[in-house]
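This report concerns only the one structure given below.
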Amino acid sequence: MTARSLNGRALARQRNQALKSRIAALPRPPGLAVVLVGEDPASQIYVRRKGVVAGRLGIAHQQIDLPADATQEALLAVIDRLNDDTSVDGILVQLPLPRHLDATVVMDRIDPAKDADGLHPTNTGLLVQGRAGLIACTPHGCMHLLRESGEELSGRDAVVIGRSNIVGRPMAALLEQANCTVTLCHSRTRDLESIVRRSDVVVAAVGRPNLIRGEWIKPGAVVIDVGMNRLEDGSLAGDVFFDEAREVAGAITPVPGGVGPMTIAMLMENTVRAAEARLGRDAM
Ligand code: NAP
């Protein structure tokens, strides 16, 4: 059996297309501000892509570049200014930050109503309680890819590998709300292989190329590979050994072209949602 490939690029295009009428219905274009500290080449690529998609959709996009040695105070001052700027609906600080900056303090400073990445503790708390908020982009994109697979999620065994605040933890919460029985694994998990073997849904968010082998995958399982690992030859690999896993899985996301484009699409959706909430509130 060869797995169905879950095409994140095509799904992201559809989602972006569907946003256009919502954007057109707003009294002004939604505003997205992306803050980039330093010159990490991967971060520069991600930020550029976000700007390109925002531009295509008619989202007013601004990029604020700070030098790698920017102080915490300088970065917090930028966030304060963006929080107060009424033309800005969504704020994203590109991670990772240089080591001398405290990402937790920085993310906490963003107005939760403008938290386009959905990583502020207010939004994370709402998510865990199953209440409306801005949902973390990557896990939200993964949920859309899972629904695209057409597989019933309710009652299924799901494993999330990786427990970061950005991906693994919110992913586990979303799967639990879809009525999966969820196991959240991490570097101290004993016998990861046997947990993956019994799982109908596998979400890998580790950052280790080809960690999950094809023989671990339950036949017919849906596999979402969040991992983006740059190999020595410059190519990208996921956390799942794709060529092995696609012979066993029912559906699988490729890397690249799976989760990545959906993360950007969800960023656009969060920005539009934030703008709708803000402009609706302003109109009242
Ligand atoms: P992270 O913060 O480094 O977290 C990695 C997690 O993996 C940790 O919870 C760690 O466990 C766990 N882990 C490490 N080694 C393990 C092992 N051998 N077995 C089981 N678990 C292990 O990473 P992240 O930010 O979540 O990102 C994960 C990957 O997703 C990276 O490749 C990243 O580039 C990619 N990513 C992609 C997108 C996208 O849009 N496509 C977005 C975000 C991230 P401990 O907690 O015990 O240390």
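None of the figures in this text is laboratory data; all of them are computed from the coordinates on show. From a predicted model like this one, the values you see are computed outputs, not experimental measurements. As a convention, Cβ positions derive from the backbone with ideal geometry for all residues, glycine included, and neighbour counts pool all protein chains shown.
Below is a table of values for the structure above.
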read-out: Given (1) away from the ligand (no atom under 16 Å from the Cβ); (2) among the hydrophobic types (A, V, I, L, M, F, W, C); (3) surrounded by fewer than 24 Cβ atoms within 10 Å (Cβ to Cβ), index of the condition residue 221 fails; value: (3)
read-out: Qualifying residue in the stretch 181-193 (condition: within 15 Å of residue 241 (Cβ to Cβ), more than 9 Å from the ligand (Cβ to nearest atom) and of a type in the set (Lys, Arg)); value: no
read-out: The stretch 158-180: number of residues that are within 14 Å of the ligand (Cβ to nearest atom), part of a loop (DSSP other than H, G, I, E, B) and touching a helix residue (DSSP H, G or I) at 6+ places or on another chain (Cβ under 8 Å); value: 5
read-out: Residue list for the stretch 228-245, filter: without any contact (Cβ under 8 Å) to a residue 12 or more places away in the chain and either within 16 Å of the ligand (Cβ to nearest atom) or of a type in the set (Gly, Ala, Ser) (or both); value: 232, 234, 235
read-out: Filter result (touching a Pro at 6+ places or on another chain (Cβ under 9 Å), among the aliphatic types (A, V, I, L, M) and away from the ligand (no atom under 14 Å from the Cβ)) within the stretch 246-280; value: 248, 249, 272, 274, 275, 279
read-out: Any strands (runs of 3 or more DSSP E) falling wholly within the stretch 1-99 and containing at least 1 residues that are within 16 Å of residue 276 (Cα to Cα) and in contact (Cβ under 8 Å) with a residue 60 or more places away in the chain; value: 31-37, 90-93
read-out: Residue identified as within 28 Å of residue 182 (Cα to Cα) and surrounded by fewer than 16 Cβ atoms within 10 Å (Cβ to Cβ) among 55, 118, 150, 133; value: 150
read-out: Only listed residue being within 16 Å of the ligand (Cβ to nearest atom), over 15 Å from the mean Cα position of the chain (by Cα) and part of a helix (DSSP H, G or I), chosen from 143, 107; value: 107
